[in-house]
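None of the figures in this text is laboratory data; all of them are computed from the coordinates on show. Nothing here was measured: the structure is a model prediction, and the numbers come from that model. No Cβ is skipped: glycine too gets one built from the backbone with ideal geometry, and neighbour counts run over all protein chains shown.
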Amino acid sequence: MNPDLLKPSERTHTTQPPPKPNRSKSEATTKPEVVVDVEGKRCYYKGKILGKGGFARCYEMTDVASEKTYAVKVIPQSRVSKPHQREKIINEIELHKTLQHKHVVKFSHHFEDEENIYIFLELCSRKSLAHIWKARHTLTDPEVRYYLRHIISGLKYLHNKGILHRDLKLGNFFVSEGMELRLGDFGLAAKLETAEQRKKTICGTPNYLAPEVLNRQGHGTESDVWSLGCVIYTLLCGNPPFETLDLKETYKCIKEVRYTLPQTLSPSAQKLISAILQKNPADRLTLDQILTHEYFTKGFTPDKLPPSSCVMVPELNP
Ligand code: ADP
């Protein structure tokens, strides 16, 4: 890796540009902010905020010359002043750069200026499954099968490359304009290590942590599968499987695999969830076994979902 990659420098700066000639008077008075990559010789209009994360704010930005729009993670230098914080971001960038798959958010490029680090990503205009879930509360079995096929395709690609995501949750499943799902946010992702080499630190989102991660036995591909089981449960039931008012109690429930399966779920969905949420990682279904489970083979999966399904139950015909 280039050692200068993330050194603070004066390569870029933020400025106010002259208004575009073809703009109306009212637009011209609200000058858009422009981010300049001096070294890369490119300028970007900073658009609306897409969301806030742990380290970063994410904005829509448009390349002034090509008019291509990106989702850009903007990380203030002040948030990564400590070496371990910087390392985390470098890890995320270096890992994400190597990924190329239709169900993984595309990494475009990055640069930094005195104030921020900018990570340019494919814009997923329909945000994430978390946004869809908030609007819908529960999804139907065909929709869950549709999204699961995309998630599993992306996740198999990662696992085959020896990469664990370690933070699978609704907010990290991004949705493109064409309703295709893309795995994103590699802030906690790591190379797969042998059980002995594994770091035993706890990371990830508490509700979706697997029992073996809580018991400090490390995170394997099976732990990503556990999180996926929690995602399926949440999408079908409307709430996460292990949710209590107290984090300690939640951890206890996870370790004992204590959760309830609503009888309103289809029998095959109940079977699938209980075959994934197994305490022993070796007893859990693998990604391939999920795809050949009766939940998939006995029910239909649509080839496409209409954008209206982000906010209302779609009419789907087998
Ligand atoms: P975190 O993982 O802590 O939520 P992120 O920086 O990954 O933080 O993302 C912050 C928010 O920005 C997300 O919740 C999402 O709404 C939005 N976002 C991130 N990446 C994209 C993208 N590629 N396309 C569209 N929106 C995005």
For this session: Determine the principal axes of the Cα atoms in the chain, then give the extent along each, sorted from largest to smallest and rounded to whole angstroms.
Result: 62, 49, 37
Problem set entry | Cα-Cα over 24 Å, subset of LYS88/LYS255; LYS279/LYS304; LYS52/LYS127 | LYS88/LYS255; LYS279/LYS304
Exercise. For the chain, what is the relative contact order in percent, using Cα pairs closer than 8 Å and at least 6 residues apart in sequence?
Worked result: 13 percent
Exercise. Among TYR157, PRO314, PHE296, which residue has its Cα positioned farthest towards the positive end of the charge dipole of the chain, with +1 placed on the Cβ of Lys and Arg, -1 on the Cβ of Asp and Glu, and the dipole taken about the Cα centre?
Worked result: PRO314
Exercise. In square nanometres, what is the average projected area of the Cα convex hull of segment 206-318?
Worked result: 8.1 nm²
Problem set entry | Proximal aspartates and glutamates to LYS41, defined as alpha-carbon separation beneath 15 angstrom and excluding residues fewer than eight positions away on the same chain | GLU10, ASP63, GLU67, GLU112, ASP113
Exercise. For the chain, what does -39500 (n - 2.57) per DSSP helix run (n ≥ 4), summed and divided by total residues, give at 222 nm, in deg cm²/dmol to the nearest 500?
Worked result: -9000 deg cm²/dmol
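From Cα pairs below 8 angstrom and at least 6 apart in sequence, can you work out the relative contact order of segment 269-318, rounded to a whole percent?
The normalised contact order for segment 269-318 reaches 25 percent.
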Seminar exercise, completed: Taking the dipole of the chain about the Cα centre (Lys, Arg +1; Asp, Glu -1; charges at Cβ), the one of PHE107, LEU170, TYR147 that reaches farthest to the positive side is LEU170
Exercise. Under 12 Å from the Cα of LYS298, which aspartates and glutamates turn up, not counting those fewer than eight places away in the same chain?
Worked result: ASP141
Exercise. If the cut-off is a Cα-Cα distance under 13 Å, which aspartates and glutamates reach LYS252, setting aside same-chain residues fewer than 8 apart in sequence?
Worked result: GLU212, GLU243
Problem set entry | Charge dipole magnitude, Cβ of K and R +1, D and E -1 - the chain, Cα centre, debye nearest 20 | 240 debye
